[in-house]
Amino acid sequence: MATVLAPVPPVAEWLGDLDALNRRAPNFFAGRPVILDLAGLRLTREDLDGLLAELAARNIAILGIEGAPPSILSPELPPALSGGRPAGEIDTPGEAPPTEPQPRENAARSLILDAPVRSGQTVLHLEGDVTVLGAVASGAEVIAGGSIHIYGALRGRAVAGAAGNPAARIWCRRFEPELVAIDGLYRAADDLDPTFRGQAVEVRLVEDAIKLSLFERG
């Protein structure tokens with residue numbers, strides 16, 4: 001299993017969110033295989049070289065690249081992977097001007113996962129909330145710039161507010177985590193009140209401390 005990084009425009013601001021995560025967890029990418037997913041971005045070869053250089057400067061080693069048109073790839077770059085979403089060239093007719101990138105405010109802010117997050121998987125979404133319609137297995141990890149909503153059991157790790165958002169929260173239907181964290185403050189399983197285990201729980205920050213509370217399952 002690998003961590004997938006999917007840059008969104010403007011890439012400079014996305015790199016800023018990545019820097020915020022690195023400040024809160026300096027060793028987060030240490031030893032992790034990382035795949036760069038470029039689907040949805042229109043990059044030149046120079047843009048790609050610059051992005052890889054920015055990631056290398058942050059000690060993020062790219063294992064492979066998904067979603068990039070073949071014309072900007074070459075043997076000296078990380079290999080193209082075919083296990084993810086396919087991507088081809090986008091034809092630009094005649095003299096039509098290039099499409100302007102959508103502003104950041106209009107970008108999708110939430111990620112919804114229809115399937116459970118399996119052991120060994122890491123979901124990293126710094127642009128907003130993450131909603132998991134299933135469970136988060138032991139050994140799995142969900143990291144969000146905003147809040148995390150888990151409709152099943154949380155048995156792995158949930159890290160909310162990773163890009164610097166102390167108002168982020170974590171909700172889950174069955175609370176059995178290995179670790180929960182908000183805005184860089186974390187509590188491991190051994191430090192959590194066992195009376196909340198197996199319950200529907202909300203996790204939030206109150207005066208720089210992690211607070212657990214029950215909520216109705218509905």
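The values are calculated or read from the model by the stated rules, or taken from the named source; none is laboratory data. In this text, all values refer to a predicted model and were calculated from it rather than measured experimentally. Note that each Cβ is placed from the backbone with ideal geometry, even for glycine, and that neighbours are counted across all protein chains shown. Calculation scope for accessible area: heavy atoms of the full protein, side chains included, ligands and nucleic acids excluded. Shrake-Rupley method; radii C 1.70, N 1.55, O 1.52, S 1.80 Å.
Overview of values
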item	result
Value at 222 nm in deg cm²/dmol, rounded to 500, when DSSP H runs of n ≥ 4 in the chain each add -39,500 (n - 2.57)	-4000 deg cm²/dmol
Positive-pole candidate from Gly152, Val130, Asn165, dipole of the stretch 127-218, charges at beta carbon	Gly152
Distance cut-off 17 Å, percentage of C-alpha pairs in the stretch 1-63 lying past it	37 percent
Protein-only accessible surface order, largest first, of His149, His125 at 1.4 Å	His149, His125
Carbon plus sulfur fraction of accessible area for the chain, probe 1.4 Å, in percent	52 percent
Glu54 - accessible surface, heavy atoms, 1.4 Å probe, Å² rounded to 10	80 Å²
Nearest-ten-degree value, helix 45-57 long axis tilted from longest Cα axis of the chain	40 degrees
With Cα atoms, 0 to 90° folded angle of helix 11-24 axis to the chain main axis	30 degrees
Solvent-accessible surface (1.4 angstrom probe) belonging to Arg157, in square angstrom, nearest 10	80 Å²
Arg173, Arg118, reordered so the largest accessible area comes first (probe 1.4 Å)	Arg118, Arg173
The chain - share of DSSP beta bridges that are antiparallel (%, nearest 5)	30 percent
Convex hull of Cα atoms in the stretch 108-182, direction-averaged projection (nm²)	3.9 nm²
The stretch 22-38 and the stretch 168-218: distance between their alpha carbon centers, rounded to Å	24 Å
Test item: Cα-centred dipole of the chain, Lys/Arg +1 and Asp/Glu -1 on Cβ, debye	880 debye
